[in-house]
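Encoded as structure tokens, the structure appears first; notes follow it.
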Amino acid sequence: MTTKWAEIDAAALRDNAASLRAFAGDGCAVMAMVKANGYGHGAVTAANAALDGGATWLGVSAMVEAVELRRAGIGARLLNAGWTTPAEMAIAAANDVDVAVFTPADLAAARDASGTNRLRVHWKIDTGMGRLGTRLEDVEPMRAALLGARDAIDVAGIFTHFASADDEATDVTVAAHERFLAVVAESAESLGGPLVHCANSAAALRLPETHHDIIRPGIALYGYPPAHSGDAVRLRPAMRVCALVTQVKDVGPGDSVGYGREWMATRRTRVATVAAGYADGVDRRNGNRGAVIAGGAVCPIIGRISMDQLSIDVSEAGEIRAGDPVVLLGDEAGHRIDAADIAASIGTISYEVLCAVSSRVPRVAVNDSGG
């Protein structure tokens, strides 16, 4: 029994993956990005649903995430797009995980770990993000190192990640794509024809010329279209977060609610306390700003968000009792509170809202065909 939970709609994840697969077109595979615990949805649930929807690759950003998927019995092609430490290269080989490489040192570690289980590497090019990847001025020595290592490893892919694919203007991304294609043109044949991939959700939906062999949707898989991507693909959010009312009371003018007495009643107000706080992923900035759905109505959050609790004004809602569910994220009674709305109100992005749902909020898969 729990006082809070997150419902993960496996059918929505599956359908989103299928829509993205259809949009990608023939000859282009889908790598479902399930890093960060599947953007908060649960990596195993997200991976299985995406594979059911037609994805054939999975992407993570840490070896521990890759091992979790393998231990769950998931055998699909799997890329650790983050840094694989030298000590983890052997783990990658043993678990049939493709790894990203950026430097000759990465490549040397991969070569040392490659044996009977031959490692597959994906060479990442830095085309302007400035994070992981081989800088353009270092491409030639890295390419030479890759050529020299082909006796021990397979160069399975060459990829990049765009810095601003969700900006309204696309000129920076188009230029980065051209820089990437120049490296591909100079390198692909000599490296054995690796798979080419560069499109995250925004690039995949806005710039079809970036599709190549694989697209790598992340936020779109979970039902949120990136900025300026229009409605080319039908997506629906896959997470609904609920918590229980723990107490209902009436307060009068001058009474306060929450730490710091930031909210004070100016009239007779019916207040419900809800078993969710910032330790569960409800951002403190939602205090006196956000809202939830309770009793068929949208009810404002009043006072500061506490670690374990928040308070709402239910004066305009139907009858509310302790034990009644409240929707913090999702649909109810014709109302919707989604991650994009929450993000806009507190100055962040939907990714952070979804990933913030903490581990003490149990994930419950719904609409799961078990495929």
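The values are calculated or read from the model by the stated rules, or taken from the named source; none is laboratory data. For clarity, every value in this text was computed on a predicted model and none was experimentally measured. Cβ coordinates were reconstructed from backbone atoms using ideal geometry, including for glycine residues, and neighbour counts include every protein chain displayed.
For region 48-91, which positions are closer than 18 Å to residue 117 by Cα and part of a helix (DSSP H, G or I)?
Hits for region 48-91 are 63, 66, 67, 70, 71, 86, 87, 88, 89, 90, 91.
From the residues in region 272-285 that are within 18 Å of residue 349 (Cα to Cα) and surrounded by fewer than 21 Cβ atoms within 10 Å (Cβ to Cβ), which one is nearest to the chain's Cα centre (by Cα)?
Result: 283.
Would you please name the residue that is nearest to residue 29 (Cα to Cα), looking only at residues in region 180-209 that are loosely packed, with under 15 Cβ neighbours inside 10 Å and touching a helix residue (DSSP H, G or I) at 6+ places or on another chain (Cβ under 9 Å)?
209
Can you confirm whether region 326-347 contains a residue that is touching a strand residue (DSSP E or B) at 6+ places or on another chain (Cβ under 6 Å), surrounded by fewer than 18 Cβ atoms within 10 Å (Cβ to Cβ) and among the hydrophobic types (A, V, I, L, M, F, W, C)?
no
Return only the number of the condition from (1) in a loop (DSSP other than H, G, I, E, B); (2) in contact (Cβ under 8 Å) with a residue 40 or more places away in the chain; (3) surrounded by fewer than 18 Cβ atoms within 10 Å (Cβ to Cβ); (4) under 19 Å from the mean Cα position of the chain (by Cα) that residue 27 does not satisfy.
Only one criterion in (1) in a loop (DSSP other than H, G, I, E, B); (2) in contact (Cβ under 8 Å) with a residue 40 or more places away in the chain; (3) surrounded by fewer than 18 Cβ atoms within 10 Å (Cβ to Cβ); (4) under 19 Å from the mean Cα position of the chain (by Cα) is unmet by residue 27, namely (4).
Could you identify the single residue in 76, 66, 92, 46 that is touching a strand residue (DSSP E or B) at 6+ places or on another chain (Cβ under 8 Å), in contact (Cβ under 8 Å) with a residue 60 or more places away in the chain and aliphatic (A, V, I, L, M)?
On inspection, the qualifying residue turns out to be 46.
What strands (runs of 3 or more DSSP E), lying completely within region 277-367, carry at least 1 residues that are outside the structural domain of residue 35 (by TED's automatic domain parsing), under 21 Å from residue 218 (Cβ atoms) and in contact (Cβ under 8 Å) with a residue 60 or more places away in the chain?
325-332, 363-366
Mind telling me which of the residues 127, 134 ends up being under 25 Å from residue 163 (Cα atoms) and touching a His at 6+ places or on another chain (Cβ under 9 Å)? Give the steps one after another, and end with the answer.
Details: 134 fails: touching a His at 6+ places or on another chain (Cβ under 9 Å).
Sole residue among the options that is under 25 Å from residue 163 (Cα atoms) and touching a His at 6+ places or on another chain (Cβ under 9 Å): 127.
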